[in-house]
Amino acid sequence: MGYKQELDALGRWVYQTAGLTSYRLDSSPPQLARPVILWESPNSVKGQNLGNYAYLKRRSQFGKLYVNSVDQLAEVMDKLEQRLADLHDYLIVYESDQADALPIGRMIRVQFEVGTSTTLDIPITVRYDVIQERERPIEPPPATTVTTASEYGGGTTDDNSI
């Protein structure tokens, strides 16, 4: 699971909940109609090991929400927070941005935070935990035959010795 797939999960969440389109800041069109969210670069902090092949990472996805009015901001915030509470603070991550993509993971403990601004360009932060796994090595097949050799007095036994 990578940043692109997690950003796609966030984009699906804001679109399905509040009808907001969202873009990465570096790939957004030059002119956008409000309301829209532009996602900036994420931040990732290693959390804790969950085992030999899995660990938990805490990520922060930064963005900016562009709205037309304070009323629209309040409406969008209410919808997003309510939907997140309904989903029990987790979002499903899909393998691609296609409509028929299969789920490959979950973002857990998702928190939506809104910053303060004197304009209608509001900084937002979405913090979440994600479990990442690394490939397990291929285990050798089970043994098919087990043989033992007996040693007596420093040598091996054969038909002529006792």
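Could you name the lysines in cross-link range of LYS4, using Cα to Cα under 20 Å and dropping any fewer than eight places away on the same chain?
Within the straight-line cut-off, LYS4 pairs with LYS46, LYS57, LYS64.
Relative to the longest principal Cα axis of the chain, at what angle does helix 70-86 sit, 0 to 90 degrees, rounded to 10?
The answer is roughly 30 degrees.
Could you give the angle, 0 to 90 degrees to the nearest 10, between helix 3-18's Cα long axis and the longest principal axis of the Cα atoms of the chain?
40 degrees
Carbon and sulfur together cover what percent of the accessible area of region 45-134 at a 1.4 Å probe radius? Don't skip to the answer; put the middle values down first.
Values: 2520 of 5430 Å².
Carbon and sulfur: 46 percent of the exposed surface of region 45-134.
Which sequence of THR144, THR17 reflects their accessible areas, 1.4 Å probe, from the largest down? List each step's numbers first, then the result.
Details: THR144 135, THR17 25 Å².
Per-residue accessible area, sorted high to low, gives THR144, THR17.
How many Å² of accessible area per residue for the chain, probe 1.4 Å?
On the way: 11090 Å² over 162 residues.
Accessible surface, normalised per residue, equals 68 Å².
Full-extension gain between SER69 and ASP97, please, as 0.36 nm times their residue separation minus the C-alpha to C-alpha distance.
Details: separation 28, 0.36 × 28 = 10.08 nm, distance 3.03 nm.
Taking 0.36 nm per residue and subtracting the Cα distance, the gain is 7.1 nm.
The values are calculated or read from the model by the stated rules, or taken from the named source; none is laboratory data. Treat the numbers as computed from the prediction; the structure is a model and nothing was measured. Keep in mind that these areas ignore ligands, DNA and RNA; they rest on the heavy atoms of the full protein, side chains included. Shrake-Rupley method; radii C 1.70, N 1.55, O 1.52, S 1.80 Å.
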